[in-house]
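Following: one structure in structure tokens, then a few remarks.
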Amino acid sequence: MYAFFQRADYLAIKPEILVTMFALAILLFDFLLEKRDKWMNALVALIGLGFGAAQLTMFWSRLGEGAGYKGFGGAFTLDTFAVYAKLIIIIATGLVVLLSAKYLEVEGANFGEYYALLLFAAVGMMFLASGTDLIVLFIALELMALCEYVLTGFLRGSRRSNEAAVKFFLLGAFSSGLLLYGMSLLYGIAGSTNLAVISRRLAERPSPDPLSWVAMITLLAGIYFKVAAVPFHQWTPDAYEGAPTSITAFISVAPKVASFAFFIRILIEGLWPMRAEWQLLTIGVAVATMTLGNLAAITQTNIKRFFGYSTISHVGYLLLGFVAAADGNREGVTAIVIYLLVYAFMNLGAFGVIILMRRRDLIGDEIDDLSGLMTRAPGMAILMLIFLLSLAGIPPTAGFIGKYFIFLSLIETGHYTLAVLAVGYAVVALYYYFRIVVAMFMKKVPDTVPIAMGMGVRVALGVTLVMTLLIGIYPQPFIAMAREAVRPLFL
Amino acid sequence: MEILFYICAAVSVLAALNVVLQRTPVYSALSLILVLCLLAVIYLLLGAEFIAVIQVIVYAGAIMVLFVFVIMLLNAGREVPSERSRLARWLGVPLVIAFLLEVLWAVWNQFPSGTAPAADFDAGPAAIGHLLFRNYVLPFEVTSVLILVAILGAVVLAKKEE
């Protein structure tokens, strides 16, 4: 008889188990801490993430040439792709922990549950990157989403935070319903929840197949909600604006990485036989997403809303990678994978600067609050400039490498119109990112209170800065890593 | 048997609509109990007695009783109708109908005779236990973390301000 789980299966989920254990430890440890010692929760969270990351790097070196390990009867896949995505998720979560400690003190919401929820969200995201079974994927997605909702509403005294959490929760629950509807139809078609089996069954079906179209469209609509693609983006600016800034940073990066890993698994491993259909859908959604994201960002005055639309436009670029991938172009997926890495660092870096604007008497989330930053804190202004250049995709920053590979894959597969459109929107993006630069460098100084910076923020800004520049100037090792990550995906 | 299925299915769809359309929360909750009980009957028709019993005990019994209690304790009155968006009515309703027709057409295309072949499976408690702790042990374990997070979230959002 086939053994459904064995020792190796549990070893494969060791990073997830470690992070879960540390999250539980924080919940217990929190009771022992005095109010002024709450920063130690952040330390425990970082240690837990460190253990997880160490385990993952060991997996990475051991996976080397193999195709990857399939555990739990094919429900869990440990391949280089999963390890790559999980490493980005852990690093992003770690950076958010670093950014949070000081910020939570200012907000007066320094509770241990915050860090526990961050780690639980990371666990959900890690399972999302490894799941190859619809049930595992759905539960992992819900685990991630539930933590996000609670964290968005974490500032209970703030009406904006409450409102954002309720909106996020209602739309999130609705999108989960759509997703589940698509999944149930796929299960009905294939008779299995395993992605590999679904792919095989879909390939056997006669060509005009309306049932699988309905399944695909509802499933993808659910995922579009999660990644904030137009026309399923409405929750994004509201949730981003109301959430605590450190959580805005978190939900704009880590869940995007996890959701795209999930997206890649679904499209490349599960729905590969339907690539002609989903390519068409993706082209429409990607163009709409880039258009709306870029144009709506121009008029924003609140910086968190601004970054909400900026995220939407980046999602549009990421989706373009799938258009190239549908033509069998490996580089399309490689481009997505590189873009995710780059995006994680530059976006967290920019949020690191925004978080510093929050003071006891100032919310600091209007673009005007950044006015005259150059005279107040020149170091901060230059850091922000580098992150904004990277977000706009100017060389020699990392953002350029991300966009370059997307354009390259589009040109290789002959989607010239899309490539031209994408470059055009990059110019629009340059315009609105420079609105912030103008505010920082040209406008008068409204206040001269010096900016206090904690140790955690220093480290986080340092890491994001180094990575943003390093990937831009010396991208070869990162490209090689991304190629290695994509290798097990195509059969 | 087939007639019983059609009756249960039709009534449960109507009751589900009633859950959404009712303005008084208690009526919505009661309709939801009806939906869950009718689903249990459908499970029974499919030969899944264990799932049917669990459905009634856990969902219709425990969870919905809790719902009704909370609604009564909060003394939730009638819902105030909000400003309806015109777009939702003129664009949403036709789109919903179009989507339903498409699903109907797709399913019809798949099963022209109107019935799908019945699957042959054992749905007793032992078989479900085997499935849960062998094939689906991973989702089962992750669900336990999910439930913990749900409890944690409820505590975080509901505890008293210090």
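Quick look at the values:
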read-out: Filter pass, A:I17 being modelled with pLDDT of 90 or more and over 24 Å from A:G73 (Cα atoms); value: no
read-out: Test: residue in region A:65-82 that is out of contact with any Pro (no Cβ under 6 Å at 6 or more places or on another chain) and under 22 Å from A:V353 (Cα atoms); value: no
read-out: A:A221 surrounded by 17 or more Cβ atoms within 10 Å (Cβ to Cβ) and modelled with pLDDT under 90; value: no
read-out: Neighbours by Cβ (under 6 Å, 6+ apart or cross-chain): first from region A:403-426, β-branched (V, I, T); second open to solvent by 30 Å² or more (accessible area, probe 1.4 Å); value: A:T413/A:D327
read-out: Residues of region A:396-425 that turn out to be open to solvent by less than 20 Å² (accessible area, probe 1.4 Å), under 18 Å from A:S310 (Cα atoms) and of a type in the set (G, A, S), as a count; value: 4
read-out: Candidate set from region A:57-84 (those that are without any contact (Cβ under 8 Å) to a residue 40 or more places away in the chain and part of a loop (DSSP other than H, G, I, E, B)); member that is surrounded by the most Cβ atoms within 10 Å (Cβ to Cβ); value: A:G66
read-out: From the options A:F434, A:F441, residue that is in contact (Cβ under 8 Å) with a residue 12 or more places away in the chain, more than 25 Å from the chain's Cα centre (by Cα) and open to solvent by 70 Å² or more (accessible area, probe 1.4 Å); value: A:F441
read-out: Check on A:F72, of a type outside the set (A, V, I, L, M) and either within 14 Å of chain B (Cβ to nearest Cβ) or in contact with a strand residue (DSSP E or B) (Cβ under 7 Å, 6 or more places away or on another chain) (or both); value: yes
read-out: Lone qualifier among A:A54, A:A23 - being open to solvent by less than 40 Å² (accessible area, probe 1.4 Å) and part of a helix (DSSP H, G or I); value: A:A23
read-out: Within region A:272-377, helices (runs of 4 or more DSSP H) holding 2 or more residues that are touching an Asp or Glu at 6+ places or on another chain (Cβ under 9 Å), open to solvent by less than 20 Å² (accessible area, probe 1.4 Å) and within 18 Å of A:S259 (Cα to Cα); value: A:303-326
read-out: Filter result for B:M64 (touching a residue at least 12 places away in the same chain (Cβ under 8 Å), open to solvent by 60 Å² or more (accessible area, probe 1.4 Å) and more than 29 Å from A:I217 (Cβ to Cβ)); value: no
read-out: Residue among B:A76, B:A40 that alone is open to solvent by less than 70 Å² (accessible area, probe 1.4 Å), touching a residue at least 40 places away in the same chain (Cβ under 8 Å), away from chain A (no Cβ under 14 Å) and not basic (K, R); value: B:A76
read-out: Positions within region B:20-37 being buried (at least 18 other Cβ atoms within 10 Å of the Cβ) and either of a type in the set (K, R) or touching a residue at least 40 places away in the same chain (Cβ under 8 Å) (or both), in sequence order; value: B:P25, B:A29
read-out: Residue in region A:201-210 that is among the acidic types (D, E) and open to solvent by less than 40 Å² (accessible area, probe 1.4 Å) present; value: yes
read-out: In region A:229-270, the residues that are under 21 Å from A:N302 (Cβ atoms), outside any helix (DSSP H, G or I) and open to solvent by 10 Å² or more (accessible area, probe 1.4 Å); value: A:V230, A:H233, A:Q234
read-out: Wholly within region A:85-191, helices (runs of 4 or more DSSP H) carrying at least 2 residues that are open to solvent by less than 20 Å² (accessible area, probe 1.4 Å), of a type in the set (V, I, T) and within 13 Å of another protein chain (Cβ to nearest Cβ); value: A:134-152
read-out: Condition broken by A:R265, with the remaining ones in (1) in contact with a strand residue (DSSP E or B) (Cβ under 8 Å, 6 or more places away or on another chain); (2) free of Cβ contacts under 8 Å to residues at least 24 places away in the same chain; (3) not hydrophobic (A, V, I, L, M, F, W, C) satisfied; value: (2)
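So that you can scan it fast, the table gives a plain yes or no per residue for (1) at pLDDT below 85; (2) of a type in the set (S, T, N, Q):
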{"site": "A:R36", "(1), (2)": "yes, no"}
{"site": "A:M40", "(1), (2)": "no, no"}
{"site": "A:L46", "(1), (2)": "no, no"}
{"site": "A:G52", "(1), (2)": "no, no"}
{"site": "A:T57", "(1), (2)": "no, yes"}
{"site": "A:R62", "(1), (2)": "no, no"}
{"site": "A:E65", "(1), (2)": "yes, no"}
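The values are calculated or read from the model by the stated rules, or taken from the named source; none is laboratory data. Everything numeric here is computed off the predicted structure, so don't read it as measured data. We place every Cβ from the backbone using ideal geometry, glycine too, and count neighbours over all the protein chains shown. With ligands, DNA and RNA removed, areas are computed over all heavy atoms of the protein, side chains included. Shrake-Rupley method; radii C 1.70, N 1.55, O 1.52, S 1.80 Å.
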